[in-house]
Structures are given as C-alpha cells and as structure tokens.
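Colleague: Shown below is the structure under consideration.
The values are calculated or read from the model by the stated rules, or taken from the named source; none is laboratory data. Since the model is a prediction, treat every value here as computed from it, not as a measurement. Here Cβ is always computed from backbone atoms with ideal geometry, including for glycine, and neighbour counts include all displayed protein chains. For the accessible areas, the whole protein counts, side chains as well, though only heavy atoms, and no ligand, DNA or RNA atoms are used. Shrake-Rupley method; radii C 1.70, N 1.55, O 1.52, S 1.80 Å.
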Amino acid sequence: MRALLSKAPGGPEMLALDTLPDPVAGVGQVVVAVKACAINYPDVLIIEDKYQFRPARPFAPGGEISGVVESVGEGVTQWSVGDRVLGTIGHGGLVEKVAVDAARLYRLPEGRSFEEGAALLLTYATSIHALVDRGRLKAGQTLLVLGAAGGVGLAAVELGKAFGARVIAAVSSEEKADVCRRAGADEAIVYGRAPFDKDQSKALADQFKAALGPNGADVIYDPVGGDYAEPALRSIGWEGRYLVVGFPAGIPRLALNLTLLKSCDVCGVFWGAFAARDPRANQAHVEQLFALWAQGKINPLVTDVFSFANGRQAIAKMAARGAIGKLVVRVAE
C-alpha cells in the first residue's frame, strides 16, 4: 500500500510517498481502507518532533480518518466488511489502509461524505471537552474564541451557540470574520499580526474589552497562544475561565497577577489524555456531537481537499496558518 511517510524530522517537504506492507487486523481490530484523512496542527508538530509523542520512524502523520472496513479481526462483533466508519488514531492516517482498534471507530452517517466524516471528531471533541468540562460554559454567558476560523475555533463557535452562549470570534482577516459570522458568531473582530509591542498589546486588550462589554468574557477559548494570550486574559470577566488549547503563535508567558485581580482560572485542555482517562465521559460527548450534527447545529467546514499525492501541501498550508475550517486529504475515491 502507499503511505506518506516521515523518515526524518523536518517540515512537510521532508515527507515522501512510499510503500508499506498491507496491515493485518489483530485481535479486536479492523483494517480500514482509508478514503479521507483530515489535517490538524498536531500533524505539523509531530513531523518536526515537537509534539507530545514521538512515534518511531518511518511513520505517517494524520490523526483522523474516514473510510470503509476492509477486514475484521478476531473478537470484533460490532463491525462488518463494507461498513463506513470514522475515527481518531493519533497518527498514521495518511495511508491507504490502517489497522485500528474497533472501539476507536464510529459509524459514518448516511448522506455524509468521507471528507465531512474525517473532519468531525478531533476538533469538535476537543472543543466540547474544553467548553463543557474545563470551561463550564452556560447558556447566557459570553465566550471569546481566538483563532476562530480554524478547525477547533469554528467548532468552538458552533458549540458555543448550540449551548446558548453569546460568541465573540477573533480572527486575523475580514474573510475569516465572515466565515465566523456565517457559523453563528454574534460578533467578529479582526486583530493584527503579532508580535506586538506594549502599546499594541494594550490596544488589542481594549479591542477585546470593547467587543465583550463591561462584564468581560466568562470563557476564553485560546488555540493560538503567543502575544494574543495576555491581551485576551486582560479582557476576562470575574471568575472567568481561560482555556489553553494550543500554541501555533508560540507559548505565552502570562502575568499571573491578572488571575488574582479577576479571580479567574487558567485551564489546560488536553482532549487526547481526557479521552484515554475517562472514555465513558468522552463517549457521552461524542454521542452529543453526533446528535448536534444530525440536528444541523454543527457542520464541519471543509474548505480545501487535497489529493494523496499533494498531501504535503495540506500540512504546509496548516503550518503557514492559512487554513480556514478543515483541510482534508482525499486518499482514495
């Protein structure tokens, strides 16, 4: 089978299409013929050896897939050959076939494309865990979403509205602002490009405060980090929750006196570890996501589909922070 492999640390230009032996389903596993693989920011980090996990090389990036069950291993009763499935696998998705633990897969609903299926779980499961478990978001509260036009950002915007919050989306261009408004954001603001000096940082904090109103944000969802973090934290409300989701703009250093002045919480969000530690709670979240999807309250926005041969370009676009919504590689028709 063909696979897009990382054989040495580096950027997407280091990835190479090569061949590997076809996988065989072990006990409790199925082999999935991959149709689509979504690209996420961890794919940028993992090939550079900057992610939390460093797989042995050669390996294929790609953490969420959709496809068709090709074979079933011993002990598997819930899946049959030909079933349409989707799931998250950490890495290894940019391949034509992959062996997956049967329990990690979900049924792709009829009428949904493989591209939509590949784009659902990682971003929405991260965001529902962040908003519900870590942010304790309630109807009527105000949510500020940074990087709101990206995959996790748009998921947070849609889920925030589904949960009855007032949602302020913060983005880097008017094009992205329009996307967020169409996704349901009550207001969208456009911020400048970091790095910021002291005056620019204060101006951004004032911009956030003006959009949020006198009570500030009850919850701030930050998948960006860098110089955007402190101005956002300055706009948080009393006893607000600041959700640390990711750092494509760099790891920030926060002034902790701000947490005292606002009596606020800074909360880390690590969905993968949560799902492994509390699979029942994660399963409940996933069931809620499928229900919201069926109701039309969430809809993965796939803006670019790349051929398997051009899979490197998808990761390069993600690395350049040029993605709006989700980027998906179509592995097979």
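Colleague: Mind checking which residues of the stretch 119-156 are assigned to a helix (DSSP H, G or I) and either farther than 15 Å from Ile298 by Cβ or touching a Pro at 6+ places or on another chain (Cβ under 7 Å) (or both)?
Modeller: The answer is Asp133, Arg134, Val152, Gly153.
Colleague: For Ile298, only one of the following conditions fails: (1) assigned to a loop (DSSP other than H, G, I, E, B); (2) touching a helix residue (DSSP H, G or I) at 6+ places or on another chain (Cβ under 8 Å); (3) surrounded by fewer than 15 Cβ atoms within 10 Å (Cβ to Cβ). What is its number?
Modeller: (3) is the only condition that Ile298 fails.
Colleague: Moving to a separate point now. From the list Asp83, Asp133, Asp101, pick out the single residue that is more than 21 Å from Trp271 (Cα to Cα) and acidic (Asp, Glu). Before the answer, list the steps.
Modeller: Numbers: Asp133 fails: more than 21 Å from Trp271 (Cα to Cα); Asp101 fails: more than 21 Å from Trp271 (Cα to Cα).
None of the other options fit; the residue is Asp83.
Colleague: While we're on this one: Given the structure, is Arg57 under 17 Å from Phe308 (Cα atoms) and either in contact (Cβ under 8 Å) with a residue 24 or more places away in the chain or open to solvent by 20 Å² or more (accessible area, probe 1.4 Å) (or both)?
Modeller: So Arg57 fails the test.
Colleague: Related question: Go over the candidates Asp227, Asp218, Asp222, Asp265 one by one and state the one that is acidic (Asp, Glu), under 26 Å from Ala194 (Cα atoms) and touching a Lys or Arg at 6+ places or on another chain (Cβ under 6 Å).
Modeller: Details: Asp227 fails: touching a Lys or Arg at 6+ places or on another chain (Cβ under 6 Å); Asp218 fails: touching a Lys or Arg at 6+ places or on another chain (Cβ under 6 Å); Asp222 fails: touching a Lys or Arg at 6+ places or on another chain (Cβ under 6 Å).
Every option except Asp265 fails the conditions.
Colleague: Specify which of the listed residues (Ala249, Ala217, Ala316, Ala291) is open to solvent by less than 60 Å² (accessible area, probe 1.4 Å), among the aliphatic types (A, V, I, L, M) and under 27 Å from Pro109 (Cβ atoms).
Modeller: Step by step, each of Ala249, Ala217, Ala316, Ala291 is checked, and only Ala291 is open to solvent by less than 60 Å² (accessible area, probe 1.4 Å), among the aliphatic types (A, V, I, L, M) and under 27 Å from Pro109 (Cβ atoms).
Colleague: With respect to Arg280, determine if the residue is basic (Lys, Arg), open to solvent by 40 Å² or more (accessible area, probe 1.4 Å), under 30 Å from Phe53 (Cα atoms) and part of a loop (DSSP other than H, G, I, E, B).
Modeller: No: the conditions fail for Arg280.
Colleague: Restricting attention to the stretch 1-49, report how many residues are open to solvent by 30 Å² or more (accessible area, probe 1.4 Å), within 23 Å of Glu116 (Cα to Cα) and in a strand (DSSP E or B).
Modeller: 2
Colleague: Let me ask something else. Which of the numbered conditions does Val76 fail, given that it passes all the others? Conditions: (1) at pLDDT below 95; (2) surrounded by 14 or more Cβ atoms within 10 Å (Cβ to Cβ).
Modeller: (1)
Colleague: Let me ask another. For the stretch 90-120, which residues satisfy the criterion of being at pLDDT 95 or above and hydrophobic (A, V, I, L, M, F, W, C)?
Modeller: Correct list: Leu94, Val95, Val98, Ala99, Val100, Ala102, Leu105, Leu108, Phe114, Ala118, Ala119, Leu120.
Colleague: Next question. May I ask you to say which residue of Val132, Val190 is in contact with a His (Cβ under 9 Å, 6 or more places away or on another chain) and open to solvent by 40 Å² or more (accessible area, probe 1.4 Å)?
Modeller: Among Val132, Val190, only Val132 is in contact with a His (Cβ under 9 Å, 6 or more places away or on another chain) and open to solvent by 40 Å² or more (accessible area, probe 1.4 Å).
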